[in-house]
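Q: Quick one: the structure is below, questions incoming.
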Amino acid sequence: MSQVNRAELADFLRTRRAALQPEDVGLPRGWRSRRTGGLRREEVAALSSMSTDYYSRIEQRRGPHPSQQMLTALARALRLSPDERDHLFRLAGHAPPHRIPTGDEIAPGMLRIFERLADTPAQVMNHLGETLVQNRLAVALTGDDSRHTGMARSLAYRWFTDPASRLIHPEADHARHSRTIAAQLRAAATREPDDPRAPALIDTLLTASPEFARVWRDHPVAGPTCPPKHIQHPQLGPLHLHGQSLLDPDHPQTLLVFTAPPGTESEAKLHHLANLTKNPA
C-alpha cells in the first residue's frame with residue numbers, strides 16, 4: 001500500500017460525482033432545487049454505505065486512508081468503468097484489484113435496469129450461466145447462486161454434478177432443463193470462441209456426467225422463447241412463473257426476470273415472498 005494522492009483523489013471523485021444524475025443511479029430527483037448538476041455528497045455516501053462525513057472528508061483532501069472495501073463501494077456507486085476503478089485504487093494508494101474475466105463486468109445500462117427491479121425476482125447472468133448479481137427476491141426464490149466458486153459458479157456444472165441443485169424444480173421438468181442448459185452452453189461456446197472457460201467446462205462435464213454426455217451428443221439447440229418455469233419453493237410450495245430474458249447486445253450477459261400471470265396464486269405467493277424478505281422471521 002503506497003501513499004494516498006489526496007488532491008487527485010478528491011478531484012477525481014468530484015468529477016465523477018458531477019457526471020451523474022440521481023436518475024442514473026435509481027434515486028429520485030427530489031423537490032429541492034440543485035445548485036449544481038450531479039449527485040450530492042450525501043447521495044454518493046448513501047449509495048456506498050458510508051457516512052456523509054467520511055465521504056466529505058475524502059473530497060476535502062483529509063480524513064482516513066480509504067480501504068479497498070470502501071473504494072470498491074465507491075466505484076460501484078459512481079458507475080466507474082474498470083479502467084476508472086483501477087485509477088481510483090491507484091490514487092488511494094492501493095494496487096488495483098484483479099480484473100473480473102471478460103463478460104463478468106456488468107454493463108452499466110444492464111445494471112441500471114436491474115437496480116430498478118426491487119419488487120420482482122431478478123438476476124444478471126453471463127454466457128456461462130454464472131450469476132453475477134441477484135436481488136433479494138431472487139435469492140429468496142431460488143437461493144444465493146452468486147456464492148459459488150470455480151466451475152460451480154456455472155448453472156450447467158451444478159445441474160449435472162450436484163443433485164441438490166435440481167430440488168427446486170419438479171422432477172418431470174428435469175429432462176427439459178437438461179436439454180435447455182446443454183443447448184445454452186453450446187451456444188455460449190459458439191458465441192464466445194475466445195473464452196477458454198467454455199471448452200474447459202464442457203470437457204469436465206463430458207467426463208463427470210454421463211447424462212450431459214448423452215444430451216450433448218444430441219446437439220440440442222435453444223430457441224429464443226421463455227418457457228414457463230415451475231419452482232418448488234420450500235416455504236411457499238409450487239410456483240408457476242415465466243422467466244423473461246433481456247440480452248445485452250454488446251456484452252455476453254442476460255437479465256433474467258421472474259414474473260407470474262396477474263391474479264394467479266403464484267402472483268400472490270411472489271407478493272408474500274416479498275413481504276417475507278422485508279420482514280424476515
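The values are calculated or read from the model by the stated rules, or taken from the named source; none is laboratory data. It should be emphasised that the depicted structure is a prediction, and the values quoted were computed from it without experimental measurement. Neighbour counts run over all protein chains shown; Cβ positions are idealised from the backbone, glycine included.
Q: Residues being assigned to a loop (DSSP other than H, G, I, E, B) and under 15 Å from residue 178 (Cα atoms): count how many of those fall in region 188-235.
A: Number of matching residues: 8.
Q: Looking at 230, 174, 240, which is the one that is in contact (Cβ under 8 Å) with a residue 60 or more places away in the chain and touching a helix residue (DSSP H, G or I) at 6+ places or on another chain (Cβ under 7 Å)?
A: 230
Q: Keeping to region 247-275, report how many residues are touching a residue at least 60 places away in the same chain (Cβ under 8 Å), loosely packed, with under 15 Cβ neighbours inside 10 Å and not acidic (Asp, Glu).
A: Looking only at that region, the number is 0.
Q: So how many residues does region 129-152 have that are on the phi > 0 side of the Ramachandran plot and out of contact with any strand residue (DSSP E or B) (no Cβ under 6 Å at 6 or more places or on another chain)?
A: 2
Q: Of all residues being in a helix (DSSP H, G or I) and in contact with a Leu (Cβ under 9 Å, 6 or more places away or on another chain) in region 135-152, which is farthest from residue 204 (Cα to Cα)? Just the residue, please.
A: 137
Q: Could you check, for region 153-167, whether at least one of its residues is surrounded by fewer than 20 Cβ atoms within 10 Å (Cβ to Cβ), in contact with a strand residue (DSSP E or B) (Cβ under 7 Å, 6 or more places away or on another chain) and assigned to a helix (DSSP H, G or I)?
A: The answer is no; no qualifying residue exists.
Q: To continue, here is another question. Consider residue 117 carefully, then state whether it is crowded, with 18+ Cβ neighbours inside 10 Å and either modelled with pLDDT of 90 or more or β-branched (Val, Ile, Thr) (or both).
A: no
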